[in-house]
Amino acid sequence: IILGIFIVVVAGAAYYFEGDVIKDRLMSVTKAVVYPQDVQLLQNEIGSCYITTAQEGLLLLGKQGGYIFPPADSLETGANIISYNYDKKAEIPTLLEMALELQDYMDLMLPLCPDFSLYSEMQIEEGEPKTIVSINDNNVKFSTNYPLAIVSGNDTFRIADPYTATMDVRLSKLRDTIQQIVMKVSQGFGQLNPEEIITPGVPINIVPYDDQTSVFLLEDTEAKLPIGGDPFVYMFAARK
């Protein structure tokens with residue numbers, strides 16, 4: 001009986017330690033798996049493209065009155081197409097509408113950013129990007145699934161992790177300010193005093209366009225964009 005117990009204990013210990021050895025080997029293999037240099041360079045380029053595209057989309061949205069694709073009846077100044085957030089009635093896009101505009105922009109523009117011709121030695125199969133944008137009080141968050149299958153040499157690598165970016169822009173608070181402006185504008189241009197509408201870090205400028213139209217510019221001076229020092233400006237037109 002004693003001999004039998006001893007054999008069982010020894011066998012169990014051997015199995016346990018062998019299992020740990022196998023586990024350690026598997027873990028070391030997992031840790032050692034990295035993308036080859038050409039695949040890693042492509043992934044890095046797409047990551048940089050992602051930040052650039054998200055920022056460009058957000059800046060464009062601000063300059064066009066909350067739209068990437070402005071309505072047909074918008075003010076064309078030559079340099080910009082600015083939507084009327086007020087034209088006898090409020091037409092301020094909701095946060096959801098702005099998020100959807102940004103999502104469509106990212107899905108459309110992201111695949112155009114990487115220069116795939118630089119990676120002609122690899123076979124690259126792209127999936128369709130799918131973006132989710134959330135607009136919060138102090139930032140705008142982007143997340144995009146952009147699956148890629150890359151054949152490099154004899155190996156195939158699949159990149160499926162989402163790309164993400166956070167833009168420190170107070171778009172939600174800006175919209176609250178715009179609502180206040182539109183309410184004042186509806187009472188008459190002459191009654192509007194920008195100093196009565198106070199949002200910390202959001203100066204308001206009014207530029208007359210013609211006798212019937214004014215362009216409003218709101219700058220988020222607390223915005224922190226990752227690329228360059230461009231301010232975030234929300235522009236919209238108001239017509240009597």
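Quick rundown of the values:
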{"item": "Residue list for the stretch 128-143, given a label point 7 angstrom along the Cα-to-Cβ vector of D176 and an amide N cut-off under 13 Å", "result": "136-139"}
{"item": "Long pairs among K130/K224; K89/K173; K141/K224, criterion Cα-Cα beyond 18 Å", "result": "K130/K224; K89/K173"}
{"item": "Pair K240, K224: separation of 7 Å Cα→Cβ label points (nm)", "result": "4.4"}
{"item": "For peptides 160-168, 63-71, sequence by mean Cβ density within 10 Å, most packed first", "result": "63-71, 160-168"}
{"item": "Positive minus negative residues near G57 (Lys, Arg vs Asp, Glu; Cβ under 10 Å)", "result": "-3"}
{"item": "M109 accessible area, 1.4 Å probe, all protein chains in place, Å² to nearest 10", "result": "70"}
{"item": "Percent accessible area from carbon and sulfur atoms, the stretch 38-161, protein chains only, probe 1.4 Å", "result": "50"}
{"item": "Projected label distance in nm at M122 and D210, using a 7 Å step from Cα toward the beta-carbon", "result": "5.3"}
{"item": "Ordering of 229-239, 85-95 by packing [mean C-beta count within 10 Å, highest first]", "result": "229-239, 85-95"}
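The values are calculated or read from the model by the stated rules, or taken from the named source; none is laboratory data. Fair warning: this is a prediction, and the values are worked out from it, not measured in the lab. Using ideal geometry, Cβ is built from the backbone for each residue, glycine included, and neighbour counts are taken over all protein chains shown. Surface accessibility is based on the protein's heavy atoms, side chains included, excluding ligands, DNA and RNA. Shrake-Rupley method; radii C 1.70, N 1.55, O 1.52, S 1.80 Å.
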